[in-house]
C-alpha cells in the first residue's frame with residue numbers, strides 16, 4: 001500500500017519512520033512549502049491513502065483535496081473543522097464537551113462587545129493558523145482592545161473567556177476505520193512563552209474521574225466526526241473538571257514520549273489506522289516518562305547522548321529563536337529517577353520552568 005503524507009517536517013518523518021519494519025507499506029512525503037497544483041495532483045494520484053502532518057494547510061490545497069476525499073484520513077470534514085477555531089469550538093460543544101465561553105470577532109466593535117459579554121481577562125486568537133503562542137493576545141483591561149486589534153486583527157478572530165486552570169494536560173487517541181479506539185495515558189504539559197517545554201507522565205495527582213472524563217471526551221469527539229487516525233485533545237484541568245482548550249487532528253508534540261515510552265507510538269498507530277490495520281496497545285512501558293523539547297539551540301541536547309535512560313531526537317532543522325529543533329525522551333523506573341535525569345538536562349529548560357509548580 002502506498003501512503004502519501006502532506007508535509008515533510010518532523011511529524012511527517014516520524015510517521016514514516018514508525019512503520020519502516022512494514023515492508024508492504026510505502027510512504028512518500030509531500031513538501032507543502034514547494035507546492036504547485038500539478039505536483040500535488042500527481043502526488044495524490046500515485047498513492048492509495050493520503051494523510052497530513054499539519055492542519056495548517058492553505059485553502060487552495062484543501063480545495064484540491066476535495067477530489068480525493070474518499071482516501072483522505074483524517075477526513076476532509078475533520079481537517080476543515082480543526083483548521084478554524086470557531087468551527088472547532090462548535091464541534092466540541094456539539095460532541096458534549098465543555099469549553100470556555102467564546103465569541104466571534106470580526107471588528108474592533110465586536111472585540112469591545114466580547115469584553116462586555118465574556119468579562120476580563122480574555123484570550124483573543126486568530127481562527128486559523130497560529131501555534132506555539134503565535135496569533136494570540138491576552139486582554140486584561142478594556143484599554144487592551146485597540147492594541148490587540150492592531151496586533152492580530154483585520155481578520156476573523158475568536159475571543160475566549162479565560163479559564164482559571166490548575167494545569168494543562170492532553171489526551172491522545174487513535175481511531176480505526178471500524179470505530180475502534182485506543183487511548184494513551186495522559187500527560188501534564190508545561191508551557192513557557194506559549195511553547196510546550198516538557199510533558200510528564202504520569203500527570204501527578206490526576207484523579208480517576210478526570211482521566212475517565214478525558215477519555216470520554218476524546219471518544220465522543222472522534223466518534224462524532226467518524227474520525228480515522230491519531231487525534232489530540234488539549235485540556236485545562238480545573239477544580240471542577242476538564243475544559244477543552246484546542247484539538248490537533250494529528251500526532252502531537254505532547255505525545256512524542258510514546259516512541260520510546262509506550263507499547264505503540266502515536267505515529268505508528270496513526271499509520272496503522274489509516275491503512276486499515278489493527279491498532280497497537282498504548283500502555284506505558286515505564287513508570288515515569290518525560291519529553292523535553294529542544295528549542296532554539298541543539299547544543300544542550302547533546303548531553304542526552306551520554307545518559308542511558310535518555311533518547312535524543314534531532315529534526316535536522318536550522319536553528320533560530322523559538323524553533324523546535326528536536327526533543328529528548330526520558331524513561332525511568334520511578335518519578336525520582338526521571339526528575340533527576342531532567343535536572344541533568346536542565347539546560348534544555350528555561351530558568352524557573354522546572355520543576356512544575358503544583
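Each value in this text was obtained by applying a stated rule to the coordinates, not by laboratory testing. These numbers were taken from a predicted model, which means no experiment stands behind them. As a convention, Cβ positions derive from the backbone with ideal geometry for all residues, glycine included, and neighbour counts pool all protein chains shown.
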Q | R0 of 51 Å, Cβ-Cβ distance residue 281-residue 36: FRET efficiency to nearest 0.05 | A | 0.75
Q | Hull volume in cubic angstrom per residue (convex hull over the Cα atoms of region 75-187) | A | 123 Å³
Q. With the radius of gyration and the Kirkwood radius both derived from the Cα set of region 17-158, what is their ratio Rg to Rh?
A. 1.08
Q | Length released on extending from residue 216 to residue 353, taking residue separation times 0.36 nm less the Cα-Cα span | A | 46.2 nm
(Q) Could you work out how much longer the chain between residue 59 and residue 318 gets when fully extended? Use 0.36 nm per residue separation minus the Cα distance between them, nm to one decimal. (A) 90.5 nm
Q. Given C-alpha coordinates of region 243-358, what is the ratio Rg to Rh with the Kirkwood estimate of Rh?
A. 0.99
Q: Could you order peptides 213-219, 318-324, 346-352 by the average number of other Cβ atoms within 10 Å of their residues, highest first?
A: 213-219, 346-352, 318-324
(Q) Taking every alpha carbon pair in region 167-348, what does the distance histogram look like in 10 angstrom bins from 0, in percent? (A) 10, 37, 36, 16, 1
Q: Arrange the peptides 57-70, 95-108, 222-235 so that the one whose residues have, on average, the most other Cβ atoms within 10 Å appears first.
A: 222-235, 95-108, 57-70
Q. For the chain, what is the relative contact order in percent, using Cα pairs closer than 8 Å and at least 6 residues apart in sequence?
A. 14 percent
Q) Using a ≥ b ≥ c from the Cα gyration tensor of region 258-318 (square roots of the eigenvalues), is it rounded, prolate or oblate, where a/c under 1.5 gives rounded and otherwise the larger of a/b and b/c decides, a/b for prolate? A) oblate
Q) Thinking of the chain as a set of Cα atoms, what percent of all their pairs are more than 39 Å apart? A) 13 percent
Q. Hey, if you drop one equal point scatterer on each alpha-carbon of region 293-342 and run the Debye formula without solvent, what base-10 log of I(q)/I(0) do you get at q = 0.13, 0.26, 0.28, 0.29 Å⁻¹?
A. -0.31, -0.92, -1.00, -1.04
Q) Under the rule of -39500 (n - 2.57) per DSSP H run of 4 or more residues, summed and divided by the residues of the chain, what mean residue ellipticity at 222 nm is obtained, to the nearest 500 deg cm²/dmol? A) -8000 deg cm²/dmol
Q: Would you please give the FRET efficiency between residue 340 and residue 107, computed as 1/(1 + (r/R0)^6) with r the Cβ-Cβ distance and R0 = 56 Å, to the nearest 0.05?
A: 0.60
Q. How high is the relative contact order of region 101-161, in percent, with contacts defined as C-alpha pairs under 8 Å that are six or more residues apart?
A. 51 percent
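Provide the packing ranking of 288-294, 334-340, 11-17, i.e. peptides ordered by the mean count of other C-beta atoms within 10 Å per residue, highest first.
Final packing ranking: 288-294, 11-17, 334-340.
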(Q) Kirkwood Rh over alpha-carbon pairs of region 166-205, then Stokes-Einstein at 20 °C and 1.002 mPa s: what D in µm² s⁻¹, rounded to an integer? (A) 185 µm²/s
Q) Tell me, in nm to one decimal, what length is gained between residue 71 and residue 299 on full extension, where the rule is 0.36 nm per residue of separation less the Cα-Cα distance? A) 77.9 nm
Q: Using Cα centres only, tell me the gap between region 212-237 and region 323-341 in whole Å.
A: 26 Å
Q) Cα-based Rg (one decimal) and Dmax (whole number) for region 101-161, in Å? A) 10.0, 28
(Q) Under 8 Å for C-alpha pairs, at least 6 residues apart: give me the relative contact order for region 2-75, rounded to a whole percent. (A) 40 percent
Q: Compute the separation of the alpha-carbon centres of region 105-163 and region 243-305 and state it in Å as a whole number.
A: 32 Å
Q: Quick one: pull the percentage of alpha-carbon pairs in region 2-75 with a separation above 21 Å.
A: 18 percent
**Q.** All-pairs Cα distance distribution in region 201-308, expressed in whole percent, bin size 10 Å
**A.** 12, 37, 36, 14, 1
